[in-house]
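Coordinate-derived values only; no laboratory data. Small disclaimer: the values here were computed from a predicted structure and weren't measured. FYI the Cβ positions are ideal-geometry reconstructions off the backbone, even for glycines, and counts take in every protein chain you see.
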């Protein structure tokens with residue numbers, strides 16, 4: 001399948017920078033049965049899917065022309081490819097790429113931003129990698145972060161190709177985000193605004209609420225945090241233990257309604273997509289490598 005070159009360079013917070021590329025992985029476009037080659041059998045599977053009959057089809061596998069639905073045209077394209085003829089079986093041109101792009105916008109907040117939620121009454125930010133309260137310290141690739149027990153301020157703070165500006169502030173049970181993130185590779189600028197309720201138990205933070213995202217490339221969308229659990233017990237990296245993240249992208253014009261991530265304490269996160277035209281698509285997303293794979 002196509003690989004989406006939405007690049008997000010993320011950091012092992014403060015101490016080092018590591019680069020993640022949000023991209024799509026999977027079998028050859030049109031290889032529905034994952035046999036390794038595109039054959040007439042794959043075309044038959046797509047025909048069955050278009051007719052609403054039982055098949056191996058999912059939206060991600062069989063909507064090979066990226067129209068947003070599985071149709072006879074998709075089957076014709078697969079059959080043409082199996083015969084060695086020219087075909088519009090491109091895959092990834094619609095659903096896959098749109099999902100990868102949204103995940104690319106959200107990932108910097110999950111990988112970096114959530115690690116700097118200040119906790120009132122503590123000696124600095126929640127995570128142990130922070131400097132003492134009231135001090136600033138350099139970011140891995142330029143700029144600084146200044147932290148008090150209620151505010152983390154990013155000043156041209158750069159992790160790989162991502163530059164953060166703005167603040168994360170907190171009270172006893174709320175955390176407010178006013179951030180902008182610039183991607184030097186894609187030229188995208190992402191604004192994140194809103195407030196989340198949070199509860200801290202040991203080193204596990206539970207977040208609830210909604211944040212607004214505005215991207216110069218992907219447009220505006222909202223993300224609901226539904227009891228998202230963030231564990232900071234592993235040095236150098238945050239772990240998403242449970243709960244859900246639901247991105248409402250219904251106004252994006254991509255044919256997607258919602259994208260739901262369901263963290264499970266591992267790097268491989270199930271992703272469920274509801275389509276505007278009806279139906280669903282399923283993926284897994286590797287938080288560490290940035291690879292999106294049709295399920």
Original post:
At what distance in nm do the modelled label points of residue 200 and residue 83 sit from each other, each positioned 7 Å from its Cα along Cα→Cβ?
Top reply: 6.6
Original post:
What percentages, rounded to whole numbers, describe P(r) for segment 212-295 computed over all alpha carbon pairs with 5 Å bin width beginning at zero?
Top reply: 3, 14, 20, 23, 22, 12, 4, 1, 0
**OP:** Using Cα pairs closer than 8 Å and at least 6 residues apart in sequence, work out the relative contact order for segment 30-91, in percent.
**Re:** 36
Subject >> Segment residue 165-residue 282, extension gain: residue separation times 0.36 nm, minus the distance between their alpha carbons >> reply: 38.8 nm
Original post:
Once you put a point 7 Å from the Cα of residue 144 and another 7 Å from the Cα of residue 53, both along the Cβ direction, what distance in nm separates them?
Top reply: 6.9
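What FRET efficiency comes out for the pair residue 262/residue 33, r = Cβ-Cβ distance, R0 = 35 Å, nearest 0.05?
Calculated transfer efficiency: 0.85.
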Original post:
What relative contact order, as a whole-number percentage, does segment 96-294 give when Cα pairs under 8 Å and 6 or more residues apart are counted?
Top reply: 10
